[in-house]
Amino acid sequence: MKNLPEARVARLAECHNEQKAGYDQHTSHFQLHPTTIPKIDNVLIQMKLNNKSDYTINFTRKALNRISQKANLDNPEEVKMFIALLKNVTNGYKRNLCIAYNKYAKSQNIQWQMPLYTPEAKNIALPTKEKVQMLIANAGKQLGLKLELSSKTGLRPVELTRLKVKDLDLEHKTVNPTTAKNGNPRTIPIDESLRLRLQEHIAQHNLTSNDLLFKGTDADLYGKQYRNMRNALAKKLNDPTIKTIRLYDLRHYFCTRKLYDTNPYTTMILMGHKQLTTTQRYMHLLNLDETEWDCQGAITADEAKKLIEAGFQYQTTIEGIQLFKKRK
C-alpha cells in the first residue's frame, strides 16, 4: 500500500467530496502536497478495511487535509501547535482533529503525546411541534417523508439513510434500524399515516426487499438537502429561529415526546441509548414542550380497549369513569 498507483491515488483524493455541514465552517476544498496524498490515502484505506463508517473516514480525510495545509504531518509538534492556535473553533472540534491525526501518526509509526481537549457541554435544542410540522410541509415529497420519519422514529440521519426496505415491518407498523454509534438494536413503532406514506414510496419506486429505502442519499446529502430547504423557509417567512433547527433536533423532538408518553426506560430503548443517564439528559426539556392533550372517558371494557388501540393512555378512574389521554 505504500506505493499506490497514481490513478488509484487520484480516485481516493476525489472521494467523499461532499462537506459535512457540522464542519463546513472549519473546512474547504484543499490543494494537497503531492507527497502527502498517498500517506493520507493509506490511512483512509486502512480505515475502510477496518469497517469504519463513511462518516468517520470522511471527517478523517478533511481533518488531515486541513492540518497538512499549515503543518508538516510528520512533525507532531507542528501539528500540536497548529491545533492549539486555531481560532473560532470548539474544543470538541480540536479533539476530533487530534483523533484524526492520531490515526495518521499510528500509520507512520510517529510517536506523539495527544493533547487533551474537553468538549464543551451542549444544550439540547427542542423545536416546537408547529415548527416541525412546518418544515415537513414545506419540504418536497421525498424530503418531507424523510423528515417525518426522523421526527416520528428518532433515527439518526445516518441510520435513516442506511434503512433498507427489509428493515420496515409495515404489517406490524415498525421500523428496525441498523443502529449507529454502537447503540442497542431497537424496534420503533410508527403510526398508520407514516406507514401508508412509506408503503406508497416503496411502490412508487419499485423497491425490493434489499434496496435502500432512499436510494442515492447518504447522511451528508440528507443534511444538505434539509439545510437548503430550512434556510429558504426561514428567509421566506423572515423567521431566523427556523434556521437554528438542526436536522438532529428532530431526534431530540422524538425523545422528548416519548418521555411524555412513556417512561425513561422505554424511551432509552426506543432511542438506542446504552445508558439511562443519556436519556435522562432530555428530562429538563419536558417543561419546554407545548403539549396539548385529547382526553376521553370510558365506562365499559370495550370502550377502554378501543381508546387504548387508538393510542390513548389510561390516567385514573373517577366516579366509575376511566379517563384516558393522548397527545394531539
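Values for this structure:
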item	result
Conditions (1) in a loop (DSSP other than H, G, I, E, B); (2) on the phi < 0 side of the Ramachandran plot: number failed by residue 220	(1)
So residue 220, is it at pLDDT below 95, among the acidic types (Asp, Glu) and closer than 25 Å to residue 52 by Cα	yes
Some residue of the range 18-40 being within 26 Å of residue 246 (Cα to Cα), buried (at least 17 other Cβ atoms within 10 Å of the Cβ) and at pLDDT 90 or above	no
Flag if residue 256 is in contact with a Cys (Cβ under 8 Å, 6 or more places away or on another chain), surrounded by 11 or more Cβ atoms within 10 Å (Cβ to Cβ), modelled with pLDDT of 80 or more and not hydrophobic (A, V, I, L, M, F, W, C)	no
Yes/no for residue 136 being in contact (Cβ under 8 Å) with a residue 24 or more places away in the chain, in contact with a helix residue (DSSP H, G or I) (Cβ under 9 Å, 6 or more places away or on another chain), among the β-branched types (Val, Ile, Thr) and in a helix (DSSP H, G or I)	no
Selection from the range 201-228 of residues that are over 13 Å from the mean Cα position of the chain (by Cα) and acidic (Asp, Glu)	211
Given (1) out of contact with any helix residue (DSSP H, G or I) (no Cβ under 7 Å at 6 or more places or on another chain); (2) without any contact (Cβ under 8 Å) to a residue 12 or more places away in the chain; (3) surrounded by 14 or more Cβ atoms within 10 Å (Cβ to Cβ), number of the condition residue 109 does not satisfy	(3)
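Yes/no matrix, rows are residues, columns are (1) among the hydrophobic types (A, V, I, L, M, F, W, C); (2) out of contact with any Asp or Glu (no Cβ under 8 Å at 6 or more places or on another chain); (3) surrounded by 14 or more Cβ atoms within 10 Å (Cβ to Cβ):
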residue	(1), (2), (3)
235	no, yes, no
245	yes, yes, yes
264	no, yes, yes
275	no, yes, no
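The values are calculated or read from the model by the stated rules, or taken from the named source; none is laboratory data. Fair warning: this is a prediction, and the values are worked out from it, not measured in the lab. Please note: Cβ atoms are built from the backbone with ideal geometry, for glycine as well, and neighbour counts cover all protein chains shown.
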